[in-house]
Structures are given as structure tokens and as C-alpha cells.
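The values are calculated or read from the model by the stated rules, or taken from the named source; none is laboratory data. As the structure is a computational prediction, the values presented were derived from the model and not from experiment. Here the Cβ positions follow ideal geometry from the backbone for every residue, glycine too, while neighbour counts run over all protein chains shown.
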Amino acid sequence: MPASLDPDLLRTFVAFADTGSFTRASVLVNRTQSAVSMQMRRLEELVGQPLFEKSGRSVSLSAEGTALVTYARRILRLNDEALARFSDAPPLTGTVRVGTPDDYALGLLPMLLGRFVDLYPTVHLEVRCDRTVVLRDLLDRGEMDIAILSGEPGEDASASGVLLAHEPVVWVTSETHLAHEMAPLPLAAFMPPCRIRSAALEAMEQVGRDCRVAFSSHSTMGITAAVRAGLAVAALCESSLWPGLRKLGEAEGFPALPSIPVMLCRSMRQDNPAAARLAEHILSHSATSLAA
């Protein structure tokens with residue numbers, strides 16, 4: 001008999017492909033990191049090819065691994081469709097409009113939404129990345145169903161939201177440039193009003209270090225690009241710490257920054273069953289996902 005690809009192994013493999021991390025993948029599939037590593041070794045044995053490659057401390061998909069992802073998604077989709085076809089429960093359908101600042105879109109959103117899409121393929125998600133103030137307004141007007149938003153420092157809950165976690169904010173610089181040693185210190189910061197921008201400027205003032213805002217953007221991608229190019233340092237949510245960036249700490253003259261509460265907020269119009277199910281899914285996965 002020919003060897004078979006275990007759907008459990010493929011689901012873990014796709015979780016790694018979506019998150020780029022064994023730690024985050026372990027959260028999605030509800031396994032320990034060591035169990036995930038064992039699964040991936042087993043999958044490599046089955047296909048007879050290396051699926052991962054290391055570059056320094058980071059791990060990424062090899063060429064063979066990238067090719068396998070497409071097959072894995074097809075196999076899992078057919079597997080889930082077959083199970084749904086013979087299930088007694090009617091499929092969950094509908095459209096859910098989801099909003100988030102792009103701080104979270106790069107790191108947190110794949111973890112929180114990826115598994116939901118696998119479980120409910122007939123639900124359509126419409127995701128909008130924008131500033132928290134804009135998304136709150138859309139929620140109030142009923143033009144958004146769910147939003148994962150930044151709260152105020154010290155905020156634990158609100159009338160329209162539930163605290164998911166506290167997102168650490170860290171100083172970052174390029175791995176290959178020395179902007180953090182310049183005087184005055186060049187900063188890449190979000191356009192005001194922005195609580196992270198304010199916290200970064202206040203922190204520099206408290207330690208008596210001259211700084212200037214050298215780059216401003218509404219986009220995390222824009223801020224990240226400026227830092228990686230060595231134009232500036234930045235204060236970013238830790239989930240936005242991607243390859244090419246490294247943290248700066250107190251030993252290098254960069255004081256600790258306050259964390260940002262991450263809130264799950266829903267529209268006052270709560271007559272969307274698919275939105276209610278997504279909210280339950282996010283709440284059930286948030287504690288470990290946002291800490292990964």
C-alpha cells in the first residue's frame with residue numbers, strides 16, 4: 001500500500017505556513033511545540049524531502065515545503081468538505097465584516113482567523129485594516145461586525161469590548177544598521193493621534209535623549225520598511241517584530257514601554273450568527289494566540 005498523508009500532519013504543516021512559527025502553529029492546532037516538531041519530522045519522513053530550512057535563528061519553508069503547501073490545502077479542503085457533507089448540522093453561512101489595525105494584521109490576524117476559515121469555509125470574511133478610531137466609528141454605525149482594536153493603556157474592558165490580552169510594545173531597530181546610535185535619535189512613528197507614538201516620545205523625554213520624528217506613516221508596513229532600511233528606530237507591537245528587525249532594551253538606553261490592551265469589539269447590531277460564532281472562536285483562542 002502507498003503511504004498516506006495524515007490530515008493532522010498536514011493541518012499542523014499549514015498552520016506553520018500561515019504563521020511562520022512553530023510556537024504560533026502549536027497554538028492553532030492545540031499541541032505543544034515539541035509535539036509540533038515531532039509531527040513535522042514525521043511529515044518529512046513521509047514525503048522523503050526536507051520541508052524546512054534554517055537561516056540563523058529563523059525557520060522557513062524550503063522549496064519542497066512551499067510546493068507541498070498547495071497540495072496540503074487541497075487535501076484539507078476536500079477532507080473538511082466531505083465531513084461537512086455528511087454532517088447533520090446545516091453549514092454556517094453569511095458574511096462577517098472584520099476590522100483591525102495593521103499592527104495586528106501581520107502577526108495576530110492569521111492565528112485568530114486562519115483556523116476559523118478552515119472550520120467554516122462557507123462563511124465569507126471581509127477584512128479591513130484601518131486606524132482604531134476609524135474602525136470604532138464603523139462599528140458604531142453598524143458598518144463593521146467585529147473589530148480587534150487597541151485600547152487605552154490601563155483599560156481592561158469597555159461597554160462594547162472584551163479584553164483579549166495586553167500586547168507588549170517594544171523598541172526595534174534594523175539588524176544591519178545603526179540608527180539607534182544616532183544623535184538626535186531618528187524615530188519612525190505612526191501619524192498622530194497615536195498612543196504608541198506618544199509613549200515613545202514621552203519615554204525619550206524622560207531619559208533625556210534628543211530625538212526627532214524622521215518618518216511618519218499610518219501603516220505598520222511603512223514603519224517597518226523605514227526601520228529595516230536603517231532610517232530610524234520605532235516603537236512597535238511585539239507581534240510586528242519580523243525578520244530584519246531586532247529589539248532594543250534598557251541596556252542600550254531604551255526604556256520599557258507600556259503595553260497596549262487588545263480589545264474584541266462588536267457592533268451593537270448583534271443579529272449575525274456567523275459574527276457571533278467568530279467572536280466565540282476569537283475569545284476561545286485569544287489567550288494563547290496573543291501570548292505566542
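Quick notes on this one:
- Given (1) touching a Gly at 6+ places or on another chain (Cβ under 8 Å); (2) surrounded by fewer than 20 Cβ atoms within 10 Å (Cβ to Cβ); (3) among the hydroxyl-bearing types (Ser, Thr, Tyr), number of the condition residue 19 does not satisfy: (2)
- Matching residues in segment 57-80 - criterion: being at pLDDT below 90 and part of a helix (DSSP H, G or I): 70, 73, 74, 76, 77, 78, 79, 80
- Apart from one condition, residue 247 fits all of (1) surrounded by 15 or more Cβ atoms within 10 Å (Cβ to Cβ); (2) under 22 Å from the mean Cα position of the chain (by Cα); the exception is (1).
- Filter pass, residue 83 being of a type in the set (A, V, I, L, M, F, W, C), surrounded by 21 or more Cβ atoms within 10 Å (Cβ to Cβ) and in a helix (DSSP H, G or I): no
- Restricting segment 252-292 to residues that are assigned to a loop (DSSP other than H, G, I, E, B) and under 14 Å from the mean Cα position of the chain (by Cα), the residue that is modelled with the highest pLDDT: 290
- Yes/no for residue 96 being surrounded by 13 or more Cβ atoms within 10 Å (Cβ to Cβ), touching a residue at least 40 places away in the same chain (Cβ under 8 Å), touching an Asp or Glu at 6+ places or on another chain (Cβ under 9 Å) and assigned to a strand (DSSP E or B): yes
- Residue list for segment 99-122, filter: at pLDDT below 80, crowded, with 20+ Cβ neighbours inside 10 Å and assigned to a loop (DSSP other than H, G, I, E, B): 107, 108
- Within segment 240-267, residues that are over 24 Å from residue 100 (Cα atoms) have Cβ atoms under 6 Å from residues that are of a type in the set (A, V, I, L, M) and in a helix (DSSP H, G or I) in these pairs: 255/203, counting only partners at least 6 apart in sequence or on another chain.
- Annotation for segment 197-217: no member residue is in contact with a strand residue (DSSP E or B) (Cβ under 9 Å, 6 or more places away or on another chain), in contact (Cβ under 8 Å) with a residue 60 or more places away in the chain and hydroxyl-bearing (Ser, Thr, Tyr).
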